[in-house]
Structures are given as structure tokens and as C-alpha cells.
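Visitor: Have a look at this one before I ask anything.
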Amino acid sequence: MATGPEYGLKRIVWQRIKETIIADCRKSEVWKILILDHATTKILSSCCKMSDLLMDGITIVEDLFKIREPVHEMRAVYFITPTDKCVQALISDFKDKPKYKAAYVYFTDFCPDALFNEMKKYCAKFIRVCKEINISFLPVESQVFTCDNADAFRSIYSPRSRDKEETLQKLADQIVSLCATLEENPGVRYKKETTLDNSKKLAELVDKKLTEHYEMDEKMKKKGKTQAQLLIVERGFDPVTPILHELTYQAMAYDLIPIKNDTYKFQSKDGSQKEAQLNDNDELWVKLRHMHIAEVSEQIPKLVKEISANKKQPDGKITLSGLSQLMKKMPSFRKHLTEKTVHLNLAEDCLDQFQKYVEKLCKAEQDLAVGADVEGQKVKDPMRTLLPVLLQPHNTHDKIRAVLLYIFSLNGTTEENLKKLIQNVKIENESEIILNWKELGVPIISSPGLFSFRKSSRRDRSQDETYNLSRWTPVIKDVMEDAVENKLDSREWPHQSECPSTWNGSGAVSARQKHKASGPDERRSGARLIVFVIGGISYSEMRCAYEVTQAVKSCEVIIGSSHIVTPTSLLDDIQSLSKAPMENFTIVDEKSTA
């Protein structure tokens, strides 16, 4: 399967920007300034480089909210979100002393009439173009998107939330924006839950907004349903996957290594500090990220050795210091060698953590998650599996993860047992990190009336080749495979709107069959499955979208959420659900009131 920045969501978003913003810029052969807010900076950075913009007549990129020098002879292109803050910043550029000769305004999404009229009032004579281009989501990878809204978790699941409805509305707008960018009008389904109705509400909002959008579609060519299906599910649907220690490269690295904003920092052999971006521009990262760490540790030395062999290294030994010398001697190989050096370091860091403590945790975690040991024998007493973890000198965070897996395996435990576990892990003052899972609809305290929470039956993967410490398969992969095979139970997955014939059996293709990966152009003519997880997706679940797409010749799977979570960030989010929302306050200048 082709991946990388030239394919998938990133390519589609860049193409959309080129067809609208860049195309308008080309109409006049004049250099322009591009002005972005925080959200559009992320969108543009995710799918293009500064050199791409320079080629298309953009000479300067500026921050909407920073002080900018006036350039009266130039035209400014505003790519901004339709919020009051952004529109006020735009107005201030032209209200008194215009900073630019003219403005070309592109909103990521629908601009409310009130904001549009205010902008028109002060800036009408300067605005040459004003368009809404429907890109209010962030393309993270070729098959992954987010709404770039980590705060949505608290807004939706906190019992003290004041903006839940507003957040669901915003997420619905962003999902519709994704569908519009893909030129899809999917059938919508949602996972029916017993205690929560967020997936149902979001499905209703998305379906309503899709209908409204395509009724207003100026091209008038996509009013009917397309060959796509959208599934909406809550985070509590599978609490196990985002808590486990994962041993595939990307998930493992983001769990164990302090990677911030996709930036990996490491120390080179000469002692200097280096940093690297882990994204689709790194071809080796794209190739390795979904592999098991055992395979990665074998692959990297081989790849480095190949490059070294091409240059006829006499001794054939590959070391980091040797790579440094190679880079100096071979400028044409600099980029590839840099990638190899980065991943030699990152893989080594991951393996160090694995050998120090993760390996000892994984067997117990896998037994608790799967409900059986390596030989397939059912775990009859989960407490016996958990106890060794609690007795060993693991850190508190890892013990909490193991305790949670124990509770999930039982579908909840007794209050007395939970109290003992909390005391054992010594988190009496932080017990919310466990108790607050109930806000996601996950049973923590067992009750005779909780039969409805029984786990869905899992696919039989006993014949699949797996590593002993990586036997668990994310539940979302079962869902994806069932969807493309048309096996989703309509009682568990009600239809908010009817799906096209492709999803009624005629187009169902088994995700278990190992088809050869089709090219992106071939797959684009087939069906699309879009999965949206309310409350965050894990890197393991992102991987599933690629695995199912590779296995199914006729369907591309795209997965998205409000944001991406790691085990640490999710537990932090869970704990914060008990906190009261921050109050708005004003800082008073005492001098002015004196």
C-alpha cells in the first residue's frame, strides 16, 4: 500500500488548498503574504513545505496574532478559522490604517453571519476574495485525522462540563468538513451504548449537517450517498488498547520515550543534542512505524548496511560514529543516513526500556487483556496474574495500568477489593485515575445488573502469527473487519442514515484475505470506511486502519478522533475529569483603580 505525504489525506488536503487558495494567488502574478492562525498553521505544516508555497507566489508567512509590519504595496492571503478572535484580528488589520493593499480571505469552515457581516462592515472595500473551503480538521497521517481538540475529552465526559453540546456540535462540523474534503456523503452508524448517548448524539448531528451541507453544495453533484460509511464509537468501547504496553514501533516509542509534538530528541555519539521530526516526510519512519520492535531492531542495521555497502566500506562495520563520517563524505546520502541514525537511536532507546522493565510487565498485561495465557489456557484467577506485578518494584504508573487491566478483565470488581488495590498501589489521594473510568461507561465497581456491559465476542485470531508479548488485538480492528464484511449487528450498530449498496453485502470483501496492496488511485474508486472515536485514539488503533486497508483490496479505512492519546495522557485526562472547570477571571490593574 502506498503511503506518505504524496498519498492519502495529506495529499488531498494540499490539493484542496492548491485548487482554492493557491489557484487564486496564481491569477495575479504578484507576490503575496500568507497570514495564518494557530489551527491553520498546523494544517498547512502537515501537508506542505515552505518551498511549495514559494513556488506558488507566497513570499512571507505571518502569524495572525503577532505584531506585523505594514506592507502597503502587497496583498495578504488570510487562511483562518471563522472565530470571533480571528475575525477581529483581520478587522484590526484594515479598520484604521490598512496594513495591506488587499485581502484574500479563506475560512476553514462556515463563517457565522454575525462575524461575516462585521467583517464586511469594516473590510468590504479591501476584500477581493472570501471563501469557505471546508478544511477544519488536521490530517495527521495519510489515513489518520484529528479535530486537534484534546479538551473535547473533558468537555464530553466530565460530570461538571458546561460545554458538552457545543463541543459535540464542533466535532460534528469538523467530521462533515472531512467528508466534504473527501467528497463523500457517507451512511452514518454508531455504537449503541447502555449508559452513554454521545455516539448517538454525534451521529445525529453529523447526519443532519451532512444533509444541510450537500443541499447547499454549489456543484450540486454529491447530494446522494456515496460509497462510504461512517462509524462513530466512544472511547469506553475499548478501554484496554490505550492502556496496554504496545510493542509496535510507533506506539511503543510514544509510550516510553518523551516525544513532544512529534519531535524526538536524542544525544549523538559526539555528545551533541539532536532532534528529529517523526512524520510522513521520514520514509524510514513510514516503513517501520507499524512493525513489531523485534522486526525493527533487525531491519535498521540491514538498511544501514546496504547504504554502507553501496559505498564500499572496507571493514563493513556499522557504528554511529562511522555513520557520522559517511555523512560528511557523501552529501547525496545525508538525508537517508540521518533517518537511519535517528531510528538506530530511537529503536535502541525503546529496547533499553523494554529490557529494563517493560518485558516483565507484558506477559501479565497480555494474559489479563486476552483472558488466556500463551498456551491458550483461560486465566481462571486474574488476581494471581496481577499480584506479581504489584509485588515487583515497578513504578506507580505501571501498576495503575496493570490494576486497570485486571478490573477491565472482570468487568468491574467489588468496592472492598478496589479499596485494597488502591491502597496497595498507594494512590489513596489519586484514586480518581481509576474511579473516573465510570464516566466513560466502563464498569469499575461490579454489580449484578451490569450484564449489558459484557464484552462483545471477539474474532478468532488463534491461527494468526503473533509474538507472545503482543497477542492482544484492538477491538476497533474487529469492527473495521466486520464493517467491510457487512457483519456489524444493526442492533449494536444502528443506522442513523442508510448506507449505499456497497455496504449492504454486494461490496463486502473479507479483511482476512491477504490481497496484494492496491494503488491509491485504484482504491480511491472503491469504498471508504471512516471511523471516528469520541475521546481519543491510540497509535495501535491508528495502525489498524492501515492493516485493514492493506488486507482489503476494495476499501480504504480512515480513522480519526478529537485527538491522539498515549497511556500517560489518557490517564491524565481521566484523572482531570473530577476537577472543576476553570473559572473566567479578570486581572485588575491596581494602579488604574487607585
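The values are calculated or read from the model by the stated rules, or taken from the named source; none is laboratory data. This is a predicted model, so every value here is computed, not measured. In this analysis, Cβ positions are derived from the backbone assuming ideal geometry, glycine residues included, and neighbour counts consider all displayed protein chains. Note: areas computed on protein heavy atoms with side chains; ligands, DNA, RNA excluded. Shrake-Rupley method; radii C 1.70, N 1.55, O 1.52, S 1.80 Å.
Visitor: Run the 1.4 Å probe and let me know the accessible area of CYS86, rounded to the nearest 10 Å².
Guide: Per-residue accessible area (CYS86): approximately 0 Å².
Visitor: According to a simple spin-label model (label point 7 Å from Cα along Cα-to-Cβ), what is the distance in nm between ASP52 and LYS378?
Guide: Label at LYS378, label at ASP52, 5.3 nm between them.
Visitor: Here is a follow-up. Return one whole number: the accessible area per residue of region 53-212 in Å², for a 1.4 Å probe.
Guide: So region 53-212 comes to 45 Å² accessible per residue, rounded to a whole number.
Visitor: Nearest 0.05, what FRET efficiency do HIS495 and THR568 give at R0 = 45 Å with Cβ-Cβ as r? Kindly include the intermediate steps, with their values, before the conclusion.
Guide: Details: r = 37 Å, r/R0 = 0.82.
According to the calculation, E is roughly 0.75.
Visitor: Suppose all protein chains stay in the model; what accessible area per residue would a 1.4 Å probe give for region 333-445, in Å²? Please list the in-between numbers first.
Guide: Details: 5490 Å² over 113 residues.
Averaged over the residues of region 333-445, the accessible area is 49 Å².
Visitor: Hey, another quick one. Hand me the trypsin sites (Lys or Arg not before Pro) from region 352-428 located in a DSSP loop with no more than 15 other Cβ atoms within 10 Å, in residue order please. Walk me through the intermediate numbers first.
Guide: Details: sites: LYS356, LYS360, LYS363, LYS378, LYS380, ARG384, LYS399, ARG401, LYS419, LYS420, LYS426; in loops: LYS380, LYS426.
Those satisfying the criteria are LYS380, LYS426.
Visitor: Share of region 361-407's accessible area from carbon and sulfur, percent, 1.4 Å?
Guide: Details: 1160 of 2190 Å².
Roughly 53 percent, rounded to a whole number.
Visitor: Continuing with the same structure: Roughly to the nearest percent, how much of the accessible area of region 1-131 is carbon and sulfur, given a 1.4 Å probe?
Guide: Values: 3550 of 6590 Å².
Percent of accessible area from carbon and sulfur atoms in region 1-131: 54.
Visitor: Continuing with the same structure: Leaving ligands, DNA and RNA out of it, rank THR566, THR338, THR146, THR195 by accessible area with a 1.4 Å probe, largest first.
Guide: From most accessible down to least: THR195, THR338, THR566, THR146.
Visitor: Please report the accessible area of VAL484 (heavy atoms, 1.4 Å probe, ligands and nucleic acids excluded) in Å², nearest 10.
Guide: The accessible area of VAL484 comes to roughly 10 Å².
Visitor: For region 148-261, what % of the accessible area comes from carbon and sulfur atoms, probe 1.4 Å?
Guide: Details: 2050 of 4620 Å².
It is 44 percent, rounded to a whole number.
Visitor: Also: What are the ³J(HN,Hα) couplings of region 400-408, residue after residue, when phi is run through the Karplus curve with 6.51, -1.76, 1.60 and θ = phi - 60°? Round to Hz, x for glycine and proline.
Guide: Whole-Hz 3J(HN,Hα) from phi for region 400-408: 4, 4, 5, 4, 4, 4, 4, 5, 4.
Visitor: With a 1.4 Å probe and all protein chains kept in place, how much accessible area does TYR406 have, in Å² rounded to the nearest 10?
Guide: 10 Å²
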